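The values are calculated or read from the model by the stated rules, or taken from the named source; none is laboratory data. Computed from a prediction, not measured in an experiment: that's the story for all the values here. Cβ: placed from backbone, ideal geometry, glycine included. Neighbour counts: every protein chain shown.
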Amino acid sequence: MTSELPEYYFRVRENGAAVFRIDTANRQRRIEMDQIAVANIRNGDIKPQGDRELSDDDIKHIRAWMKERTALLARRDMDDIHRAIDHLNLTTQWVQSKASDEQLEEVTDALLLAMHDLRSTLVRKKSSRLP
């Protein structure tokens with residue numbers, strides 16, 4: 001662990017983060033975390049904690065974190081989709097080579113409905129992108 005701590009700490013929440021200012025400049029050299037705001041990446045809101053006023057520097061750091069977090073989540077979404085493609089391929093191989101009749105009976109309808117829904121949505125979205 002480095003001796004240099006960041007000025008801000010972001011405790012990730014579902015829609016963003018609770019934002020803390022880190023302070024080690026006290027007599028005991030203890031790490032103190034003072035919550036200064038809540039950031040919502042879905043709607044871009046930054047709400048100060050209590051009656052606190054955020055400095056321009058606070059807002060700049062929070063907005064930078066929000067931008068980085070949004071990009072990270074977008075990369076993760078694409079990674080999840082690529083993994084889903086792999087899982088579909090692995091599922092096809094399982095159906096073809098390993099699945100028992102009982103296992104197929106358990107999953108066939110759910111898989112067919114999910115694949116039909118996905119196919120319909122993909123076709124509709126693709127047709128809306130055509131010139």
- [ ] Answer yes or no: is there a residue in the range 78-91 that is in contact (Cβ under 8 Å) with a residue 24 or more places away in the chain and among the polar types (S, T, N, Q).
- [x] no
TODO: Would you check if Leu90 is over 30 Å from Asn15 (Cβ atoms) and modelled with pLDDT under 95?
DONE: no
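Yes/no matrix, rows are residues, columns are (1) more than 22 Å from Ala71 (Cβ to Cβ); (2) surrounded by fewer than 12 Cβ atoms within 10 Å (Cβ to Cβ):
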| position | (1), (2) |
| --- | --- |
| Leu5 | yes, no |
| Arg11 | no, no |
| Val19 | no, no |
| Thr24 | yes, no |
| Glu32 | yes, no |
| Val38 | no, no |
| Ile41 | no, no |
| Asp45 | no, no |
| Gly50 | yes, yes |
TODO: For the range 92-107, indicate whether the set of residues that are closer than 30 Å to Gly44 by Cβ, assigned to a helix (DSSP H, G or I) and not acidic (Asp, Glu) is non-empty.
DONE: no
